[in-house]
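> Okay, handing you the structure first.
Since every read-out is calculated from the coordinates, none of them should be taken as a lab result. In this text the structure is predicted, and so the values were computed from the model without any measurement. Cβ coordinates were reconstructed from backbone atoms using ideal geometry, including for glycine residues, and neighbour counts include every protein chain displayed.
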Amino acid sequence: MEMIFLGTGAGVPSKKRNVSAIAVTLLQELNSIWLFDCGESTQHQILRTSIKPRKINKIFITHMHGDHVFGLPGFLSSRSFQGGEDELTIYGPAGIKEYVETSLKLSSTHLAYPLTIVEVSEGKLYEDKMFIVFAKKLEHGIPTYGFRIEEKEKPGELLVEKLKASGIMPGPVYKQIKENNAVRLEDGRVINRSDYIGASKKGRILSILGDTRSPGQFKNFVNKSDVLVHEATFGHDKRDLAHNYFHSTTTEAAGLAKESQVSKLILTHISSRYQYEDNASLLNEAKAIFINTELAHDFFHFTI
């Protein structure tokens, strides 16, 4: 699981930061890529990566502000010309269905693949054999959501040395033991999988929150995430401005990470008022509270 930050700016694009979009690559797990928000020019940013648009089969939209959705109609259209034939599902707040369908209709855009649009409410949003996605309503000027992606527990490794010590040599039987609760061997013995497999591996947890103020109220939702991606539109000295505009500061995001016992905090959605030379100061404000913090930039990669 890898995150690629395609846009890390807030409100309007700047020379250094495009507006919001994060790709979560699940190629090894599901042979697919999930996109979180799709601000203006997201498809241009994708051209500068190894991402294949046809592999993107789920798009999660946090809210309907333009810096999070204006790139969506263009991406959907271009995907048809880039080998996209598999179904794509969009998850987003109320209004996302009308926005997408109206954009496609008025531009006479015909997609070469099935499109499903799901309007979000709180709770479990999606589940497959490997992942569960939950949604949580945040505190912003319009309906906005955060997403928690939980990887399901993975079976432990086969205890090969123990099998050998029991006289069971490598071969097709190993696969049978791993996939079945009990296996009868040629010599008549019945082997229980639970006796020859290690402890299950805890799945990874990724939480991505949309724009919000007062982030402390969401600590149960992001609790013990391996990675928390959080907006930091403003530095600490602009906390009143952040509150008035329903946004968070670097220190508020760091406080949430600390209180929620997350392993890693990645800050994004940085106001265009901040230049490249301000990055160190913004990062240090957060690290003073939560040391394991990164400040994302466009095309920043992070592997979970």
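> Among 51, 191, 289, which one shows the highest mean-square fluctuation when the chain is modelled as a Gaussian network with alpha-carbon springs under 10 Å?
Of 51, 191, 289, the Gaussian network model singles out 191 as fluctuating most.
> Measure of size requested: the Rg and Dmax of the chain, with Cα atoms as the atom set and Å as the unit; please supply both.
When restricted to Cα atoms, the chain yields Rg and Dmax of 22.2, 75 Å.
> Moving on to the next point. Using a Förster radius of 35 Å, what is the FRET efficiency between residue 291 and residue 94 based on their Cβ-Cβ separation? Nearest 0.05, please.
Using R0 = 35 Å, I get an efficiency of 0.35.
> OK, next. Express in whole angstrom the spacing between the alpha-carbon centres of segment 213-262 and segment 123-148.
17
> Tell me, rounded to the nearest percent, the portion of alpha carbon pairs in segment 210-268 spaced more than 17 Å apart.
On the way: 469 of 1711 pairs.
The share of Cα pairs beyond 17 Å in segment 210-268 comes to 27 percent.
> Taking only Cα atoms and a 10 Å spring cutoff, compute GNM fluctuations for the chain and point out the largest among 52, 154, 264.
Answer for the Gaussian network model of the chain: 154.
> A further question follows. For the chain, what is the charge dipole size about the Cα centre, in debye to the nearest 20, if Lys and Arg each add +1 at the Cβ and Asp and Glu each add -1 at the Cβ? Before the final figure, lay out each step's value.
Working: 37 positive and 36 negative charges, 119 e Å.
In total the dipole reaches around 580 debye.
> Can I ask one more? State the dimensionless ratio Rg/Rh of segment 195-304 (Rg: radius of gyration of Cα atoms; Rh: Kirkwood radius).
1.05
> Additional query: Of 238/258; 129/264; 55/258; 129/178, which pairs sit farther than 23 Å apart, going by alpha carbon to alpha carbon?
Working: 238/258 21 Å; 129/264 26 Å; 55/258 35 Å; 129/178 17 Å.
From 238/258; 129/264; 55/258; 129/178, over 23 Å: 129/264; 55/258.
> Does anything in segment 131-160 have its amide N under 19 Å from the 7 Å Cα→Cβ label point of residue 29, and if so which residues?
Counting only backbone N, you get 131-136, 146-157.
> Quick one: give the max-minus-min coordinate of the C-alpha atoms of segment 104-241 along each principal axis, largest first, in Å.
73, 47, 21
> A follow-up question, please. Using alpha-carbon pairs under 8 Å, 6+ residues apart, how would you state the relative contact order of the chain in percent? The partial results should precede the final answer.
Values: 678 pairs, mean separation 51.6, N = 304.
Reported as a whole number, the value is 17 percent.
> Of the DSSP beta bridges with both residues in the chain, give the percent that are antiparallel, rounding to the nearest 5. Write out the running numbers ahead of the final one.
Details: 34 of 60 bridges.
So the antiparallel bridges amount to about 55 percent of the total.
> Which residue, chosen from 218, 291, 266, occupies the Cα position most advanced towards the positive end of the dipole of segment 218-293, where the dipole is computed from +1 (Lys, Arg) and -1 (Asp, Glu) charges on Cβ about the Cα centre?
Value: 218.
> What residue among 225, 50, 80 has the largest mean-square fluctuation in a Gaussian network model of the chain, using Cα springs under 10 Å?
50
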